[in-house]
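Below: one structure, written as structure tokens.
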Amino acid sequence: MATEKTLNDLFLDTLKDIYYAEKQILKALPKMARAAQSEEGKAGFLQHRDETQAQVERLEQVFEMIGKPARGKTCEAIQGIIAEAEEIMDEFKGTVALDAGLISSAQSVEHYEIARYGTLIAWAKQLGLKDAVPLLQATLAEEEATDKKLTRLAESSANVKGKGKAA
Ligand SMILES: [Fe+2]
Ligand SMILES: [Fe+2]
């Protein structure tokens, strides 16, 4: 009989999923920074790239806490979100709407991360992984702050510029 999988297995699987996702994001953010037209957008993407590096390290600490090697598991969701971002960079290159599109892609990434970290925190609490909780919460706070910053950037400039000149 197959051994029954438990919440521990789900926690590990999800940890691997977000570890893979963060590493993909780490590669995508510099590309998004290069593509962004506004200085504020560029700086924002680069700042979040540095945060993401630290988030990867926090995940490695969590792997260590549960005595497992830090290993990613292909996350098709993040691959899809990043593929869409690349499509926007390509199709809206040189247009007034590019930054609005980049921000919308970045927000899909943040929302995916927010969902994952929210779940991991709940499961870590359930599993009594007390030391993992604050690490995951620190990252969740960064993802939420990034999401809010992106909303501000969209509303204050990118969406307005994206409308183009009045007809
Ligand atoms: Fe992240
Ligand atoms: Fe993020």
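Figures for the structure shown
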{"read-out": "Given Lys31/Lys149; Lys23/Lys148; Lys5/Lys148; Lys27/Lys161; Lys31/Lys148, the pairs whose alpha carbons are separated by over 30 Å", "value": "Lys5/Lys148"}
{"read-out": "Which of Val160, Ala124, Gln61, positive extreme of dipole for the stretch 7-163 (C-beta unit charges)", "value": "Gln61"}
{"read-out": "Listed residues Leu136, Ile78, Leu26: farthest to the positive end of the dipole of the chain (Cβ charges)", "value": "Leu26"}
{"read-out": "Whole-Hz couplings from phi, Karplus 6.51/-1.76/1.60, listed for the stretch 128-135; x for Gly and Pro", "value": "x, 8, 4, 6, 6, 4, x, 5"}
{"read-out": "Point-charge dipole on Cβ atoms (K/R +1, D/E -1) for the stretch 1-100, about Cα centre, debye to 20", "value": "320 debye"}
{"read-out": "C-alpha center-to-center spacing [the stretch 1-17, the stretch 116-161] in angstrom", "value": "23 Å"}
{"read-out": "Trypsin sites (Lys or Arg not before Pro) within the stretch 1-83: DSSP coil, no more than 14 neighbouring Cβ in 10 Å", "value": "Lys5, Arg71, Lys73"}
{"read-out": "Angle between the chain longest axis and helix 39-65 axis [Cα atoms, degrees, rounded to 10]", "value": "10 degrees"}
{"read-out": "Length-normalised contact order for the chain - Cα pairs under 8 Å, 6+ apart - percent", "value": "27 percent"}
{"read-out": "Estimated dipole of the chain in Debye, rounded to 20 [Cβ of Lys and Arg +1, of Asp and Glu -1, Cα centre]", "value": "200 debye"}
{"read-out": "Calculated [θ] (222 nm, deg cm²/dmol) that DSSP helices of n ≥ 4 give over the chain, each run adding -39,500 (n - 2.57)", "value": "-26500 deg cm²/dmol"}
{"read-out": "Sequence-distant aspartates and glutamates (8 or more away, or on other chains) whose Cα lies within less than 12 Å of Lys73", "value": "Asp13, Asp17, Glu22"}
{"read-out": "Other-chain or far-sequence residues with amide H under 5 Å of Leu129's (modelled H)", "value": "none"}
{"read-out": "Crossing angle, helix 76-91 versus the chain [Cα axis fit, 0-90 degrees, rounded to tens]", "value": "10 degrees"}
{"read-out": "Rotationally averaged projected area of the chain (alpha carbon convex hull; nm²)", "value": "10.9 nm²"}
{"read-out": "The stretch 2-72, relative contact order [Cα under 8 Å, separation at least 6], %", "value": "39 percent"}
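No value in this document is a laboratory result; all are computed from the given coordinates. Just so it is clear, the model here is predicted, and its values are computed rather than measured. For neighbour counting, all protein chains shown are included, and Cβ atoms are generated from backbone atoms with ideal geometry for every residue, glycine included.
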